[in-house]
1. Order the peptides 44-53, 109-118, 133-142, 177-186 from the highest to the lowest mean number of other Cβ atoms within 10 Å of their residues.
2. At 222 nm, what helix-only mean residue ellipticity would the chain give, in deg cm²/dmol to the nearest 500, using -39500 (n - 2.57) for each DSSP H run of four or more?
3. Once the cut-off is 14 Å, how many percent of the Cα-Cα pairs in segment 128-184 end up in the long-distance tail?
4. What fraction, in whole percent, of alpha-carbon pairs in segment 100-194 exceed 18 Å separation?
5. Taking every Cα atom in segment 103-146, find the radius of gyration and the maximum pairwise distance Dmax, and write them in Å.
6. Pop the C-beta distance of Ala17 and Ile84 into the FRET formula with R0 = 25 Å and round what comes out to the nearest 0.05.
7. Sort largest first and round to whole Å: the equivalent ellipsoid semi-axes of segment 53-122, each the square root of five times a Cα gyration tensor eigenvalue.
8. Under 37 °C and 0.692 mPa s, how fast does segment 1-55 diffuse according to Stokes-Einstein, given a Kirkwood radius computed over C-alpha pairs? Answer in µm²/s, whole number.
Amino acid sequence: MNPLVTAELGILDWIAAHCHSAFLDVLMPAVTRLGDSGMIWILLGLALLLLSRRERSTGFQVLLALLLSLLICNLFLKPLVDRIRPCDWNTAVELLIPRPGDPSFPSGHSSASFAAAMVLVLTKCRGRWAALALAVVIAFSRLYLYVHFPTDVLGGILVGTVCALLSVTIWRRWLEKTALGRALTRGRGDGGPR
């Protein structure tokens with residue numbers, strides 16, 4: 001076992017020894033399920049796109065960031081790195097959720113969560129701090145549940161943040177002034193870009 005794996009397992013073991021409680025053992029699986037397949041974030045993006053005239057362009061940017069996260073994190077980096085999960089190193093741990101079947105690095109839950117939440121932060125969307133807090137809790141849940149190493153979660157946060165920056169940049173530089181951009185921003189209170 002290499003020193004990085006040993007150190008990271010030590011962090012996970014510390015979380016298991018000092019942070020677990022009966023309440024959190026119920027809460028954290030529920031929180032992590034919110035991030036399964038990025039579903040809570042996809043629903044948020046669709047709600048902004050379809051239901052909020054003021055935030056339609058933000059909804060589009062959230063969905064674009066999630067697509068980028070899927071491509072970079074799940075379809076490129078996970079197969080490339082092919083890292084095994086901490087629960088496979090330490091098989092004595094009793095998991096509170098089913099063992100995920102894909103590679104460990106980077107954390108897809110963390111990547112999708114930060115891709116969506118950081119778009120909201122960058123566009124100054126209402127509810128951005130609540131979304132960012134949820135993203136942090138979802139990312140922590142992956143450590144609590146012993147299915148990701150800390151560097152998996154940090155890698156996911158980094159990938160998600162980059163995807164958010166890319167999405168907002170693509171929107172502002174290329175799409176905002178197109179017919180699509182005009183259609184999505186029509187009806188906003190200020191009538192122009194944020």
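1. 109-118, 133-142, 44-53, 177-186
2. After summing the helix terms and dividing by the residues of the chain, the value is -20000 deg cm²/dmol.
3. 67
4. Value for segment 100-194 (Cα pairs over 18 Å): 52 percent.
5. 11.1, 35
6. Working: r = 22 Å, r/R0 = 0.90.
E between Ala17 and Ile84, to the nearest 0.05, is 0.65.
7. Over the Cα atoms of segment 53-122, the semi-axes work out to 30, 14, 8 Å.
8. 229
Since every read-out is calculated from the coordinates, none of them should be taken as a lab result. The structure displayed is predicted, hence computed values, not measured ones. Please note: Cβ atoms are built from the backbone with ideal geometry, for glycine as well, and neighbour counts cover all protein chains shown.
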